[in-house]
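First up is the structure itself, then whatever we jot down about it.
The values are calculated or read from the model by the stated rules, or taken from the named source; none is laboratory data. Small disclaimer: the values here were computed from a predicted structure and weren't measured. Cβ sites come from the backbone with ideal geometry, for glycine too, and all protein chains shown count toward neighbours. Ligands, DNA and RNA are excluded from the accessible area calculation, which covers all protein heavy atoms including side chains. Shrake-Rupley method; radii C 1.70, N 1.55, O 1.52, S 1.80 Å.
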Amino acid sequence: MYSNIEQIKDLLEDPNFVNWVNQPNAELDEHWQEWSEKHPERRSDLLLAKRFVKSLHYKNEFMLDEVEQDKMFEQIKAFKQNKDEADRKLIRKINFRKTLFGLSAAASVIMAFIGSVYWTSKENPAPFSIVRSSNSIEVATTYKGQRTKVILPDGSIVHLNAGSSINYPVAFSKTNRVVTLVGEGFFEVVKNKKKPFIVETGKVKTQVLGTSFNVRAYANEKIVQVAVATGKVKMEDKASGKSQFLTPNEMGTLDNTANILKTKVNLEKATGWKKGVLVFDGDNFTDVFTKLEIWYGVNIIVLPNVELKGHYSGEFQQETLENIMQGIAFTSGFQYEIAGKTILIHN
């Protein structure tokens, strides 16, 4: 765990370290090998700093002056106080290749890189919690890397995927059963013709009487998807009022156009997560890495010189992250390093 981000900063500012990364020789190899053996607790720091130097193509004479060091340190401290997930992801996904690195830009990039490592190394809070937000509403929450099952007041079951939350009343009303979802959940709804079951997300209302279906509506994703396993579902865009009826093995996808696209769905891919099965079926690498981040509670950083092309298919059941990364890297032609909760993708 990176409890002291200054340790990584010290390595990046050490000309001996930068020279070793850029122009390794026997003497420097021996020096840093001895350093690593004396400080085993800092081997992850060494790895991350080394990859970062390579990605920016540091020059041997590159050093921050005193003003830039002070500026970077203040930025790091300010960044540590910002716990907003969306902001952290935005910083982490900066396209380095389109940036010209002067001293000031380099300081900002170092700050963002170290900041992302610092935050993703933090342990998650309790893996699952249900809290009473008011006298009549309960909120069930999972964090990245955890999944759980929630039993609703009518006996309906919600399998809640990682990084998700659901709001529901302590007792449903006499006319309907309404819950609010952020993230992903698989619903097994008890049939009741007199009381429709409605799942509200930011954009979509999904209504049923009794059926089983999956809703994926993460806050940081541009689309909302509803996949039906049994029964019949009405999927409605709340803004436009447009709707689609979905039956078993069909999926509705709502994007920014406000149109709901109905397609056939691979149910194992859409719902396998609740059984511990992770399925990729022609996914691009952005989607692959996003799923892995949610599934294992990690942060994946693709270094600037890596170009990931094509798509990936594969199925994993109760596999370790290391085994999955080995399989994907072998068939996709990239290399990786795992350091705590951070994975670096490189050539």
Report task. Consider only pairs whose beta carbons are under 7 Å apart and that are at least six residues apart or on different chains; among these, list those whose first residue lies in region 323-340 and is under 14 Å from Ala49 (Cα atoms) and hydrophobic (A, V, I, L, M, F, W, C) and whose second residue is open to solvent by 60 Å² or more (accessible area, probe 1.4 Å) and modelled with pLDDT of 85 or more. Result -> Ile338/Glu322
**Report entry** Contacts under 8 angstrom Cβ, first residue in region 167-178 being touching a residue at least 40 places away in the same chain (Cβ under 8 Å), partner open to solvent by 50 Å² or more (accessible area, probe 1.4 Å) and in a loop (DSSP other than H, G, I, E, B), 6 or more apart
**Finding:** none
Report task. Please specify each residue of region 335-344 satisfying the condition of being open to solvent by less than 10 Å² (accessible area, probe 1.4 Å) and at pLDDT 85 or above. Result -> Thr342, Ile343, Leu344
Report task. Write out, first by first residue and then by second, each pair whose Cβ atoms fall under 6 Å of each other, whose residues are 6+ apart or on separate chains, and whose first residue, in region 244-263, is among the basic types (Lys, Arg) while the second is assigned to a strand (DSSP E or B) and at pLDDT below 95. Result -> Lys262/Gln244
Query raised in the report: Somewhere in region 314-334, is a residue modelled with pLDDT of 90 or more, polar (S, T, N, Q) and open to solvent by 40 Å² or more (accessible area, probe 1.4 Å)?
Result: no
Requested in this report: Tell me which of these Leu303 doesn't satisfy, since it passes every other one: (1) within 19 Å of Phe187 (Cα to Cα); (2) touching a helix residue (DSSP H, G or I) at 6+ places or on another chain (Cβ under 6 Å).
Outcome: (1)
Report summary line: When region 271-289 is checked residue by residue, the ones that are open to solvent by 20 Å² or more (accessible area, probe 1.4 Å) and of a type outside the set (Lys, Arg) are Asp281, Gly282, Asn284, Thr286, Asp287
Report summary line: Taking region 143-160 and the residues there that are part of a strand (DSSP E or B) and without any contact (Cβ under 8 Å) to a residue 40 or more places away in the chain, the one that is surrounded by the fewest Cβ atoms within 10 Å (Cβ to Cβ) would be Ile151
Query raised in the report: Does Lys193 satisfy being assigned to a loop (DSSP other than H, G, I, E, B) and open to solvent by 50 Å² or more (accessible area, probe 1.4 Å)?
Result: yes
Report summary line: Condition set under 26 Å from the mean Cα position of the chain (by Cα) and among the hydrophobic types (A, V, I, L, M, F, W, C), scope region 236-260, selection surrounded by the most Cβ atoms within 10 Å (Cβ to Cβ): answer is Leu254
Query raised in the report: Across region 145-171, what is the total count of residues that are of a type in the set (S, T, N, Q) and within 26 Å of Lys194 (Cβ to Cβ)?
Result: 2
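For Arg216, are the conditions met, namely being basic (Lys, Arg), buried (at least 20 other Cβ atoms within 10 Å of the Cβ) and over 28 Å from the mean Cα position of the chain (by Cα)? If you could, list the steps in order and put the result at the bottom.
On the way: basic (Lys, Arg): yes; buried (at least 20 other Cβ atoms within 10 Å of the Cβ): yes; over 28 Å from the mean Cα position of the chain (by Cα): no.
Judged against the criteria, Arg216 is not a match.
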